[in-house]
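Here's the structure, in structure tokens; my notes come after.
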Amino acid sequence: MNLRSTLDKRKRHSLSIKFKISLLCATFIIVASVVNFTVINRVSKSTITSNTQATMKNLADSYSKNVNDAVSNISNSAQFLMQSQEIKALLQSTDASAKTDTSSIDNYISMFLNMDENREDISLVSTDGTILYSSKDSLKGQNISDQSYFKTALKNSTSAQSDVFISDTSSNPCITFAIPFRNIEMGQGMDGGLGPMQDSMGTAPADTTKGTDTADSNTGSNAAGSSSDNSSAAANPSDAEIIGVITVTIKVSEFSTLLSDISLSGMDSAYAYLLDTSGNAIYYPKSEVIGTNLNIDSINKLTEEMKAGSTPKATTLTYTYDGKTTFASYSTLKSNNWILVLAVDKSEIMAPLNKATYNSMAITLILTILLSLLAYLFAGSITKPIRKLTDYINRTAMLDFTEASSFQSVLKNDDETGEMGRAIKTMCENLKGMIQKIGQASDNMLQTADSLNGITKSVNDYASDNSATAEELSASMEETAATTALICNNITNIENHSQSIYSKATEGIRKSGHLIDRAGQLKTTTESAAIRIKEMYEQFQSDTASAISQAETVNKINTLTNVIKEIADQTTLLALNASIEAARAGEAGRGFSVVANEIGSLAEQSAGTVKNINAITAEVNTAVRALTESLNRSLSFWETNILADYDSFLETSSEYGENAHDINQSLEAIHGGIDLLKGELKNISTSITEINNMVEDSSAGVGDVAARDTDIVTLTSDTRKMVEGNRDNATELDTIVKSFKL
């Protein structure tokens, strides 16, 4: 029952094959769809982005050309003012304070301003930047030479534009155009009527479309048919002298008509805006933004690159503005580097793709559910025979080998389930045969176990008796071996002590021999030393007598010193007489007097030396007397002490040799006795050792017998336990076999 409950529990907690197949099919469909959607989405997104970029770039270039044409039209529309001789004269006068009749100029200016309602004011400026005339009186007399657009117009000889600013007159965002005024003689002037002005008004815009690279490169195209006879006009109008600048302030609403109605493939969020070179908005759908910087990093970076003179490679931008991700394409105006940007919300670009993606996902989900249901139904036909196989295997697991009618239908299948069923059928039949054989074997094992149990019990009893007897014999022999070992050890100790005495006697004999040798050597050495001492005494006595005799020659020095003293006294007397005679001689004897004085001095030195010699001689005599006494005492000591001591030492060395000879003889006698004792002890020790070895061998043999008897008892006990365990196993095996249903 426990096995069945375990199988039922596993069945409840596991997923069926039918469900797993359905789940696997659904997983494959979902994975394939996700991969397909991802690839298609990326390709579609790339395609849409590329197409949108190309479309927006073309559209931006087209609108940029239109704006560029509008800028050129504004510049060219002022060309007819250059036909006025009054304006030309005013600019050439360069005197703003001069009283000039400007009525005709006013007519030109009024007509020019009325041509377009977005034109706010116009001014005539000299080349030094002074405003000589203006439709706005407050500007007259001011100097604009520091304005960048004015400098650019004079430097490049082309039209230039200012950045966006708010007009203080109309409060509208405006841009100022600076147009170089060239000294060109036209075929007709104001005296001929308004024909040239009307012709300029009607034809200038059309003519300016011929070129957009330089807005004023064809500023003289309207005067193609006029006369060039005047020497101040150049053959080419663009090379004519610039005598001033016309500044025209235009409202930025001029460009709103061009950019407000922009459309991009039906995208409602598409719009365009125009930026000046500083990034300020010239036009933007939100009017409040015009004239300000949009503060878009990518746009600001673009304007900075263009200011630095580099041309950006990218033509599209993606940025976030007002919380929306914006996709933009831009184009620069060739005439003044303004930037026209065409923008659209990125979400609107991707809206069709996102919609298609959502629809595809919904369709895929529906198909996945339908295909999963079909897979579930189809899996039922596969899992039905598997369930029958499982039931039969579970019955086999419950030890039920009886036939099952439902299993017979599986055996008829030709697919893998049929092969599995037939293999399981064969396995069950084999198991049934094996179980029957195991039952018979278990019966035989029970009978054999009972026989072995009786035999092992008898063997165990006999082995126990033998083991007890062997243990008693082993104990007796161990005691005998211990006693003989003790005797052997005592004899060994005696032998060791005798060996020690023998070694010491041998050493004493050796040392006594050395004593005898040393006594003989000492006697010989003493005799030789006594002879040498006597010889030295006799030689010393002879040398002493000779030295004393020679020391008496010192007395002769006294005799010599007395002679020298007498000579010195006589020399002193002669020197005195010579000095007296020299004194008597006067000047003639002065040299002799000097010699006499020197001789007297030498005599005194000789007398002093004699005194020193006498003192030294006295000291030497005293030392000689002391030495003589010392030598006499030394001779007496040698004779009375040293020679007598050598005679006594000679007698002692002779007695020392005789005593050493006696000691040597005694030690040799002891050595011989110990040698005989060692031989006897060695024979006794050898006999006891042999007895001890035999006892130990016997004891070891009895111990081995006892140990083997013990092992036999142990083995028979283990064998009996194994037999009993084998009998229990056979009983349990018989119980197991009876639990099978055959």
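The values are calculated or read from the model by the stated rules, or taken from the named source; none is laboratory data. For clarity, every value in this text was computed on a predicted model and none was experimentally measured. Positions of Cβ are generated from backbone atoms using ideal geometry, with glycine treated the same way; all protein chains shown enter the neighbour counts.
Could you count how many residues in region 321-374 are of a type in the set (A, V, I, L, M) and surrounded by fewer than 19 Cβ atoms within 10 Å (Cβ to Cβ)?
If we filter region 321-374 for residues that are of a type in the set (A, V, I, L, M), which is where we start, we get 328, 333, 339-344, 349-351, 353, 356, 361-363, 365-367, 369-371, 373-374.
If we keep only those that are surrounded by fewer than 19 Cβ atoms within 10 Å (Cβ to Cβ) as well, we get 351, 353, 356, 361-363, 365-367, 369-371, 373-374.
Of the residues in that region, 14 qualify.
Name, by its number, the condition in (1) surrounded by fewer than 13 Cβ atoms within 10 Å (Cβ to Cβ); (2) farther than 30 Å from Phe19 by Cα that does not hold for Lys432.
Of the numbered conditions (1) surrounded by fewer than 13 Cβ atoms within 10 Å (Cβ to Cβ); (2) farther than 30 Å from Phe19 by Cα, the odd one out for Lys432 is (1).
Based on what the data block shows, is Glu587 of a type outside the set (Gly, Ala, Ser), without any contact (Cβ under 8 Å) to a residue 12 or more places away in the chain and under 26 Å from Arg633 (Cβ atoms)?
It is false that Glu587 is of a type outside the set (Gly, Ala, Ser), without any contact (Cβ under 8 Å) to a residue 12 or more places away in the chain and under 26 Å from Arg633 (Cβ atoms).
Can you run down the residue pairs with Cβ atoms below 6 Å, 6 or more apart or on separate chains, where the first is in region 508-521 and assigned by the TED database to the domain that holds Glu658 and touching a residue at least 60 places away in the same chain (Cβ under 8 Å) and the partner is acidic (Asp, Glu) and surrounded by fewer than 17 Cβ atoms within 10 Å (Cβ to Cβ)?
Ile509/Glu668
Tell me, yes or no, whether region 389-398 has at least one residue that is more than 29 Å from Gly291 (Cβ to Cβ) and not in a helix (DSSP H, G or I).
Yes - at least one qualifying residue is present in region 389-398.
For Ile105, are the conditions met, namely being in the same structural domain as Thr316 (by the TED database), buried (at least 17 other Cβ atoms within 10 Å of the Cβ) and without any contact (Cβ under 8 Å) to a residue 40 or more places away in the chain?
In short, yes.
How about region 366-400: which of its residues are free of Cβ contacts under 8 Å to residues at least 60 places away in the same chain, touching a Phe, Trp or Tyr at 6+ places or on another chain (Cβ under 9 Å) and of a type in the set (A, V, I, L, M)?
Within region 366-400, just Leu389 meets the criteria.
Does Ser329 meet the test of being over 30 Å from Ala26 (Cβ atoms) and in a strand (DSSP E or B)?
yes
Give me the pairs, please: first residue somewhere in region 263-278 and assigned by the TED database to the domain that holds Lys346 and of a type in the set (Gly, Ala, Ser), second residue anywhere and surrounded by 15 or more Cβ atoms within 10 Å (Cβ to Cβ) and part of a strand (DSSP E or B), beta-carbon distance under 6 Å, and either six or more positions apart or on two chains.
Ser269/Val344; Ser269/Asp345; Ala270/Val344; Ala272/Leu342
Hey, Ser148 hits all of (1) closer than 17 Å to Ser335 by Cα; (2) crowded, with 18+ Cβ neighbours inside 10 Å; (3) among the hydroxyl-bearing types (Ser, Thr, Tyr); (4) modelled with pLDDT of 85 or more but one; which does it fall short on?
Unmet for Ser148, out of (1) closer than 17 Å to Ser335 by Cα; (2) crowded, with 18+ Cβ neighbours inside 10 Å; (3) among the hydroxyl-bearing types (Ser, Thr, Tyr); (4) modelled with pLDDT of 85 or more: (2).
Residues in region 252-267: is at least one modelled with pLDDT of 85 or more and either more than 27 Å from Ile131 (Cα to Cα) or among the β-branched types (Val, Ile, Thr) (or both)?
Yes, region 252-267 has at least one match.
Residue by residue through region 557-575, note down the ones that are in contact with a helix residue (DSSP H, G or I) (Cβ under 7 Å, 6 or more places away or on another chain) and of a type in the set (Ser, Thr, Tyr).
The answer is Thr561, Thr571, Thr572.
Mind listing just one residue for me: the one in region 29-60 that is farther than 30 Å from Thr332 by Cβ and either surrounded by 13 or more Cβ atoms within 10 Å (Cβ to Cβ) or among the hydroxyl-bearing types (Ser, Thr, Tyr) (or both) and, of those, modelled with the lowest pLDDT?
Phe37
Among what's in region 444-455 and is surrounded by fewer than 13 Cβ atoms within 10 Å (Cβ to Cβ) and not hydroxyl-bearing (Ser, Thr, Tyr), pick the residue that is nearest to the chain's Cα centre (by Cα).
Only one residue tops the list, namely Asn444.
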